[in-house]
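Notes to accompany the following structure.
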Amino acid sequence: MKLSAMTGSWERANRFSQLLLMSNLALSITLMGTLYLAIGNHERVVLVPPQLDSRVTVGMATASSEYLKSFGLYIATLAGNITPYNVEFLTGILSRHLDARVYTAVRTKLQAVAADPVFRSSGGASWFEAKRLDYEKETSRVFVVGQLNTLSAGKSSPEVAPVVYDLKIEMRDGRPLVTALDSYEGSEPRTLKWQASHAHEQKPAETRGEK
């Protein structure tokens with residue numbers, strides 16, 4: 001029995017075991033790092049929809065301006081194309097894309113328009129035609145500029161009024177959500193620049209010396 005040979009084999013076995021231990025430790029650290037990155041990383045998808053001229057980027061909390069403008073156009077078109085007979089259908093669709101606080105007010109307004117006796121008895125209908133899309137990055141607002149056409153029975157041509165749909169859109173968990181929605185007559189979006197230039201007009205009458 002050669003004791004020296006056995007001792008050498010034992011030492012080699014120990015060194016091999018230590019190498020295996022270090023290797024497993026390194027693999028565990030790498031696996032934990034990969035898992036951490038996978039959990040913290042939200043996939044960003046780049047799309048080129050057929051209705052857009054350029055590609056759009058959609059993330060969990062952000063999206064490109066072209067995508068937000070396209071979504072704003074979609075919401076404005078829905079809200080502007082109302083009849084006494086499709087109001088429940090349209091408000092049902094809007095409920096999926098509007099914040100709960102915004103949806104309540106919008107639904108009430110659309111139902112009031114559709115329930116108007118004159119509008120209903122005349123078989124009225126309205127539709128929105130978009131002319132321009134603007135986006136304000138500082139406020140995440142989309143401005144859909146166009147005209148609202150209202151047609152009543154017995155009339156050969158609709159009444160036309162310029163209107164701006166003003167929407168604030170946020171990305172939540174990869175989905176666009178309208179957190180503010182307003183519409184007003186005219187063709188000039190009320191951007192931050194517009195608000196600054198019209199600040200004196202927005203003050204209360206008392207502060208302007210009016211009664």
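Residues ALA153, ALA161: which one is farther than 26 Å from VAL56 by Cβ, modelled with pLDDT of 90 or more and more than 23 Å from the chain's Cα centre (by Cα)? Going through ALA153, ALA161 in turn, just one is farther than 26 Å from VAL56 by Cβ, modelled with pLDDT of 90 or more and more than 23 Å from the chain's Cα centre (by Cα): ALA161. Residue selection: SER126 fails the criterion of being surrounded by fewer than 12 Cβ atoms within 10 Å (Cβ to Cβ), modelled with pLDDT of 75 or more and either assigned to a loop (DSSP other than H, G, I, E, B) or in the same structural domain as ILE82 (by TED's automatic domain parsing) (or both). Do you know which residues across segment 75-117 are among the charged types (D, E, K, R), under 15 Å from the mean Cα position of the chain (by Cα) and surrounded by 15 or more Cβ atoms within 10 Å (Cβ to Cβ)? If the condition is that a residue be among the charged types (D, E, K, R), under 15 Å from the mean Cα position of the chain (by Cα) and surrounded by 15 or more Cβ atoms within 10 Å (Cβ to Cβ), then ASP99 is the only one that fits. Looking across segment 87-123 at every residue that is touching a Phe, Trp or Tyr at 6+ places or on another chain (Cβ under 9 Å) and among the small types (Gly, Ala, Ser), the one that is modelled with the highest pLDDT is identified as SER95.
All of (1) without any contact (Cβ under 8 Å) to a residue 40 or more places away in the chain; (2) within 20 Å of ILE169 (Cα to Cα) hold for ALA112 with one exception: (2).
The values are calculated or read from the model by the stated rules, or taken from the named source; none is laboratory data. This one's a predicted model, so the numbers in the text were calculated from it and none came from an experiment. No Cβ is skipped: glycine too gets one built from the backbone with ideal geometry, and neighbour counts run over all protein chains shown.
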